[in-house]
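The values are calculated or read from the model by the stated rules, or taken from the named source; none is laboratory data. Model, not experiment: these values are computed from the prediction. Here Cβ is always computed from backbone atoms with ideal geometry, including for glycine, and neighbour counts include all displayed protein chains.
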Amino acid sequence: LTHNGFTLLLSGAFIGLGYGTFMSNGQAVSLKLVSSHRVGIALSTYFIGLDLGLGVGPYALGALHAVLTFRELYLVSAVIPVISAILYLVFYHPDRIKKM
């Protein structure tokens, strides 16, 4: 929530940095996990998932806003990365789970 233009521009800069960092890091990780002859498939799959997340995510949260407050929407939005990190550990690093 902002009441002046400076904080709005500052938050936009942080969002831009976040998206830029996430997109390049996600692309690097997805390409690192595949062999060289499957780079095209991995890259297209990554961008399909990214586009789906950027397109369907706001729509789904907008639909949830009919039943949840903004505070509850932020909590839902905070839980999604935690679940994603757990799934990443389970499916891509199962050896780390065994060490815990």
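Checking TYR46 against (1) touching a residue at least 12 places away in the same chain (Cβ under 8 Å); (2) under 30 Å from LEU1 (Cα atoms), which test does it fail?
The one condition TYR46 does not meet is (2).
Being surrounded by 11 or more Cβ atoms within 10 Å (Cβ to Cβ) and not charged (D, E, K, R) is true for just one of GLY62, GLY18, GLY53, GLY5. Which residue is that? If you could, list the steps in order and put the result at the bottom.
Values: GLY62 fails: surrounded by 11 or more Cβ atoms within 10 Å (Cβ to Cβ); GLY18 fails: surrounded by 11 or more Cβ atoms within 10 Å (Cβ to Cβ); GLY5 fails: surrounded by 11 or more Cβ atoms within 10 Å (Cβ to Cβ).
Exactly one of GLY62, GLY18, GLY53, GLY5 is surrounded by 11 or more Cβ atoms within 10 Å (Cβ to Cβ) and not charged (D, E, K, R), namely GLY53.
Show the residue pairs meeting these rules: Cβ distance below 6 Å; 6+ apart or different chains; first residue within the stretch 55-67 and not assigned by TED's automatic domain parsing to the domain that holds VAL79 and part of a loop (DSSP other than H, G, I, E, B); second residue hydrophobic (A, V, I, L, M, F, W, C) and surrounded by fewer than 12 Cβ atoms within 10 Å (Cβ to Cβ).
none
Anything in the stretch 75-93 that is farther than 18 Å from PHE22 by Cα and either within 14 Å of the chain's Cα centre (by Cα) or touching a residue at least 60 places away in the same chain (Cβ under 8 Å) (or both)? List them, or say none.
VAL76
Pick from VAL34, VAL56: which is hydrophobic (A, V, I, L, M, F, W, C) and either farther than 27 Å from ARG71 by Cβ or touching a strand residue (DSSP E or B) at 6+ places or on another chain (Cβ under 7 Å) (or both)? Spell out the reasoning first.
On the way: VAL56 fails: either farther than 27 Å from ARG71 by Cβ or touching a strand residue (DSSP E or B) at 6+ places or on another chain (Cβ under 7 Å) (or both).
VAL34 is the lone residue from the list that is hydrophobic (A, V, I, L, M, F, W, C) and either farther than 27 Å from ARG71 by Cβ or touching a strand residue (DSSP E or B) at 6+ places or on another chain (Cβ under 7 Å) (or both).
Under the condition of being in a loop (DSSP other than H, G, I, E, B) and loosely packed, with under 13 Cβ neighbours inside 10 Å, which residue from the stretch 22-46 is modelled with the lowest pLDDT?
Applying the first criterion (in a loop (DSSP other than H, G, I, E, B)) to the stretch 22-46 yields 33-35.
Adding the requirement that they be loosely packed, with under 13 Cβ neighbours inside 10 Å leaves 33, 35.
Working: LEU33: 83, SER35: 90.
That would be LEU33.
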